[in-house]
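J.: My structure is below; once you've seen it, I'll send some questions.
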Amino acid sequence: MAEIQRKARGQFPRTALPPTQSSKYWAKEKDRYLRQLLITDIEELTGREAIVYFAQLNEGINHTDPDDLSEILEDIEGKSVDLIIQTPGGSVDAIEKFVSVLRHRVDDYRVIVPSWAKSGGTVIAMSASTILLGVNSELGPIDPHMMLPELGQMPCEFIARDASKDQVLRDYADANVKRMRGLAEKILRRGMLKDLDDKDLQTTLNKLSSATQYNSHGAVIDFSEAKELGLNVEWMDPKCDLWRAVWLLYCLYDHDTKSNDLGRIVEGAINSIARPRTDD
């Protein structure tokens with residue numbers, strides 16, 4: 001992709017030539033420039049443009065994220081994109097908008113998971129044409145949870161069935177279960193499982209969206225399990241160039257967010273948006 005040369009090549013020096021920015025500004029932004037250079041390297045490996053959504057473990061997707069994603073997608077020139085994603089999940093409504101932005105901005109996108117795309121992150125991954133997974137990659141069950149003061153995070157499915165709980169709370173929990181499952185079904189019918197017959201589709205949904213199938217919201221759905229579920233997944237061998245580049249980029253985001261007390265970064269080869277941590 002010759003047009004990629006316009007991007008990070010002029011930002012992070014690989015030659016004796018100085019960078020195009022002032023030295024002090026370049027020094028301040030060097031972490032970002034290095035990440036963007038690696039994004040460019042990945043683009044050259046795949047022949048597709050790439051964007052990154054990276055969030056720390058306790059930073060759920062919220063309504064600022066689809067807007068940030070849309071901003072970064074403004075600079076995408078092609079219509080085939082790889083989304084490299086790291087997320088614990090988040091608000092169902094925000095996830096729905098996140099997928100909507102992707103589908104309106106690009107014609108085709110794959111999702112690459114270096115480490116984890118859990119819960120709603122799995123829903124985003126399932127909205128893609130293909131999910132690329134490696135040895136460290138994991139998806140997860142999509143059963144929604146609620147915080148109860150006396151118990152902590154609990155599956156909405158359990159709360160909805162608990163006759164000792166207030167009926168309003170039970171109804172709200174049941175609505176959350178139906179909302180997440182409905183969104184996942186809509187996404188899969190329009191996406192990677194659109195050619196699957198209804199019985200097989202329901203089997204996949206039943207396993208992913210039930211709190212009693214995996215018995216843990218954090219259960220690991222790796223490449224083999226995702227393939228058995230019928231998802232359109234591709235394997236990145238741990239020794240292949242793409243996996244090694246993706247893992248190196250992941251390690252940079254992991255280090256930079258923790259070192260700079262950032263909650264999330266949404267980034268492409270040109271522009272970048274970083275958000276502070278939202279937890280206490």
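J.: Mind counting the residues in the stretch 144-190 that are farther than 15 Å from SER210 by Cβ and touching a strand residue (DSSP E or B) at 6+ places or on another chain (Cβ under 7 Å)?
T.: Result for the stretch 144-190: 4.
J.: Considering only helices (runs of 4 or more DSSP H) fully contained in the stretch 12-124, which possess at least 1 residues that are within 19 Å of ARG244 (Cα to Cα)?
T.: Where helices (runs of 4 or more DSSP H) fall fully within the stretch 12-124 and carry at least 1 residues being within 19 Å of ARG244 (Cα to Cα), they are 30-46.
This table checks each residue for (1) out of contact with any Pro (no Cβ under 6 Å at 6 or more places or on another chain); (2) within 16 Å of ILE187 (Cα to Cα); (3) at pLDDT below 95.
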| site | (1), (2), (3) |
| --- | --- |
| THR122 | yes, yes, no |
| GLY134 | yes, no, no |
| SER137 | yes, no, no |
| PRO144 | yes, no, yes |
| MET147 | yes, no, yes |
| GLN153 | yes, no, yes |
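J.: Identify all residues within the stretch 27-59 that are free of Cβ contacts under 8 Å to residues at least 60 places away in the same chain and of a type in the set (Gly, Ala, Ser); write none if there are none.
T.: Those that are free of Cβ contacts under 8 Å to residues at least 60 places away in the same chain and of a type in the set (Gly, Ala, Ser): ALA27, GLY47.
J.: With the structure loaded, tell me whether THR278 is loosely packed, with under 15 Cβ neighbours inside 10 Å and closer than 29 Å to ASP68 by Cβ or whether it fails that test. Give the derivation first.
T.: Numbers: loosely packed, with under 15 Cβ neighbours inside 10 Å: yes; closer than 29 Å to ASP68 by Cβ: yes.
Yes; evaluated as a whole, the condition is true for this residue.
J.: When you go through (1) surrounded by 16 or more Cβ atoms within 10 Å (Cβ to Cβ); (2) outside any strand (DSSP E or B); (3) not assigned by TED's automatic domain parsing to the domain that holds ARG48 one by one for ASP174, which number turns out not to apply?
T.: ASP174 satisfies all of (1) surrounded by 16 or more Cβ atoms within 10 Å (Cβ to Cβ); (2) outside any strand (DSSP E or B); (3) not assigned by TED's automatic domain parsing to the domain that holds ARG48 except (1).
J.: Search the stretch 67-116 for residues being small (Gly, Ala, Ser) and out of contact with any Ser or Thr (no Cβ under 6 Å at 6 or more places or on another chain), and hand back the single one that is farthest from ALA173 (Cα to Cα). Spell out how you get there, then give the answer.
T.: Looking only at the stretch 67-116, we keep the residues that are small (Gly, Ala, Ser), and these are 70, 78, 80, 89-91, 94, 100, 115.
Okay, now just the ones that are also out of contact with any Ser or Thr (no Cβ under 6 Å at 6 or more places or on another chain), so 70, 78, 80, 90-91, 94, 100, 115.
Details: SER70: 31, GLY78: 41, SER80: 38, GLY90: 16, SER91: 14, ALA94: 18, SER100: 25, SER115: 29 Å.
Looking at the filtered set, the residue picked out is GLY78.
J.: Here is a further query. Report every pair of residues separated by at least 6 positions or lying on different chains whose Cβ atoms are under 6 Å apart, first residue within the stretch 138-155 and charged (D, E, K, R), second modelled with pLDDT of 95 or more.
T.: That search, which allows pairs on different chains as well, returns GLU138/TRP116; GLU138/VAL220; GLU138/ASP222.
Residues are listed down the side, and each one gets a yes or a no for (1) surrounded by fewer than 15 Cβ atoms within 10 Å (Cβ to Cβ); (2) touching a residue at least 40 places away in the same chain (Cβ under 8 Å); (3) touching a Leu at 6+ places or on another chain (Cβ under 6 Å):
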position: GLN213; (1), (2), (3): yes, yes, no
position: SER224; (1), (2), (3): yes, no, no
position: CYS240; (1), (2), (3): yes, no, no
position: VAL246; (1), (2), (3): no, yes, no
position: SER259; (1), (2), (3): yes, no, no
position: ILE265; (1), (2), (3): no, yes, no
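Conditions tested, residue by residue: (1) at positive phi; (2) modelled with pLDDT of 90 or more.
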| position | (1), (2) |
| --- | --- |
| LEU196 | no, no |
| GLY218 | no, yes |
| PRO238 | no, yes |
| LEU242 | no, yes |
| TYR250 | no, yes |
| ASP261 | yes, yes |
| ALA274 | no, yes |
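J.: Within the stretch 123-132, is even one residue of a type outside the set (A, V, I, L, M, F, W, C), in contact (Cβ under 8 Å) with a residue 24 or more places away in the chain, touching a Lys or Arg at 6+ places or on another chain (Cβ under 9 Å) and more than 25 Å from GLU225 (Cα to Cα)?
T.: No - not one qualifying residue is present in the stretch 123-132.
The values are calculated or read from the model by the stated rules, or taken from the named source; none is laboratory data. In this text, all values refer to a predicted model and were calculated from it rather than measured experimentally. Using ideal geometry, Cβ is built from the backbone for each residue, glycine included, and neighbour counts are taken over all protein chains shown.
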